[in-house]
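Asks: Could you have a look at this structure, given as structure tokens, before my questions?
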Amino acid sequence: MSFDLEPMNSQNIGCLQHLLSIIANSFDAYSTVLFLPDASGSYRVAAHFSLGNDLARNATVLPGKGLVGWILRNNQPLLVNNFELQSESLGYYSGQSESVVKAFMGCPLREGQGVLCVDSKKSYSFSTKDQKILHQFVEFVAALQMDSCRLQTSRKDFTYYQALQKLRELRQRFPLWSSYLKNFLGILSETSQIEHAALAVRDELGQNFTIEGWTDGFPLNNLSKSDSFPIGSGLVGWVFKNEKPVFSADMESGHTGVTLFSKDAIGSVVLHTVICLPLNVSKRTRAVLVLADPLVRTPCKEMRVFLQLVTEHLEFFLENLYLRNQVSKLKAMLPPAPAPEKEQ
């Protein structure tokens, strides 16, 4: 099982908040906190209940750091009943509450998908029986998350289906290539929720490529469609040469104009998500579809399938466009047809 890393809807959050209040009352706890993974690879507070006011609602933890991190790294429950917490042992309080907490109990969700934590200001508040009960609550939380994931998947599938319908209708609505491409990239960016989209196209000799079109707001430095880059330049050039896609989503590193297209192609904005998809036309990679975002946008399985369908759709369109241009060139090379003889 794998939980969706996108933000949960308000209905799901409200359900979890209510459940955590029930858990807190069951154990006479001070606070109950649920950590779930986010797109950056850390674990964030997804829901909480506390009798105090200084719980850090946006707190994040990493495996191995503090008590919550220990549970994540070892994938085992933890029960600590009488101790003096060191600074940042819990990591989810912003005020003085952490210093007065005397007991802690936590249990991991299945397959490392989060941690459910309970704490108390009283020593020896929890028992091994309580820990077993907490495990049952964890299983219930996992079941709620699985149902939520199924609903989100169904909703996404419908959204992607609608987008594919819009893309199919573009050829009739926008017969001009420039208008077609602008609307195509706009639909792709909106549906994938990745801020920027662009299309790079190589020249006929395969020595250089240009950026044929891009969505509004793409951080380009006064770039025009006539500006060209060497075919091996940047990440896009690598995709042209190797004819392989690239999926890069990492908060620790990122791409700028130097690594994506070429020197001075993009401003100082660092793009932490970059997806480059090669488009094969007449058995050669003649274009690369680029998606980029300053934030980490890890593509889920459904999005990857959608991007594959989008790529195939655009390949088919470009194949027809390429063949049409080749026919036009051949016609231009033929000698003019002789005029019909006049009847005597």
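The values are calculated or read from the model by the stated rules, or taken from the named source; none is laboratory data. Quantities reported herein were computed from a predicted structural model and do not represent experimental measurements. Cβ coordinates were reconstructed from backbone atoms using ideal geometry, including for glycine residues, and neighbour counts include every protein chain displayed.
Asks: Within region 228-255, work out how many residues are modelled with pLDDT under 85, in contact with a Leu (Cβ under 8 Å, 6 or more places away or on another chain) and either surrounded by fewer than 18 Cβ atoms within 10 Å (Cβ to Cβ) or not in a loop (DSSP other than H, G, I, E, B) (or both).
Replies: So the count comes out to 1.
Asks: Please state which one of Val269, Val305, Val310 is assigned to a loop (DSSP other than H, G, I, E, B) and either modelled with pLDDT under 85 or farther than 20 Å from Thr210 by Cα (or both).
Replies: Details: Val305 fails: assigned to a loop (DSSP other than H, G, I, E, B); Val310 fails: assigned to a loop (DSSP other than H, G, I, E, B).
Unique residue meeting the criteria: Val269.
Asks: Looking at region 305-320 only, could you name the residues that are loosely packed, with under 13 Cβ neighbours inside 10 Å and closer than 21 Å to Lys156 by Cβ?
Replies: Those that are loosely packed, with under 13 Cβ neighbours inside 10 Å and closer than 21 Å to Lys156 by Cβ: Gln308, Glu312.
Asks: Here's a follow-up. Take region 26-51 and flag every residue that is under 30 Å from Pro299 (Cα atoms), assigned to a strand (DSSP E or B) and either among the β-branched types (Val, Ile, Thr) or out of contact with any helix residue (DSSP H, G or I) (no Cβ under 7 Å at 6 or more places or on another chain) (or both).
Replies: Val33, Leu36, Pro37, Arg44, Val45
Asks: In region 80-106, how many residues are touching a residue at least 40 places away in the same chain (Cβ under 8 Å) and in a helix (DSSP H, G or I)?
Replies: Residues in region 80-106 being touching a residue at least 40 places away in the same chain (Cβ under 8 Å) and in a helix (DSSP H, G or I): 1 in total.
Asks: Counting only residues that are loosely packed, with under 13 Cβ neighbours inside 10 Å and at pLDDT below 90, how many does region 71-82 have?
Replies: Qualifying residue count, region 71-82: 1.
Asks: Within region 199-213, take every residue that is without any contact (Cβ under 8 Å) to a residue 60 or more places away in the chain and assigned to a strand (DSSP E or B) and give me the one that is farthest from the chain's Cα centre (by Cα).
Replies: Asn208
Asks: Can we say Ala292 is at pLDDT 90 or above, surrounded by 14 or more Cβ atoms within 10 Å (Cβ to Cβ) and of a type outside the set (Lys, Arg)?
Replies: Judged against the criteria, Ala292 is a match.
Asks: Right, Leu62: farther than 17 Å from Val141 by Cβ, touching a residue at least 12 places away in the same chain (Cβ under 8 Å), crowded, with 21+ Cβ neighbours inside 10 Å and touching a Ser or Thr at 6+ places or on another chain (Cβ under 7 Å) or not?
Replies: No, not satisfied.
Asks: Those residues that are in contact with a helix residue (DSSP H, G or I) (Cβ under 8 Å, 6 or more places away or on another chain) and touching a residue at least 40 places away in the same chain (Cβ under 8 Å), I need them from region 65-79; list them, please.
Replies: Leu72, Pro77, Leu79
Asks: Select from region 111-144 the residues that are under 24 Å from the mean Cα position of the chain (by Cα) and either assigned to a loop (DSSP other than H, G, I, E, B) or surrounded by 21 or more Cβ atoms within 10 Å (Cβ to Cβ) (or both) and list them in ascending order.
Replies: Gln113, Gly114, Val115, Val141
Asks: Would region 128-146 turn up any residue that is over 20 Å from His18 (Cβ atoms) and among the aromatic types (Phe, Trp, Tyr)?
Replies: There is no residue in region 128-146 that is over 20 Å from His18 (Cβ atoms) and among the aromatic types (Phe, Trp, Tyr).
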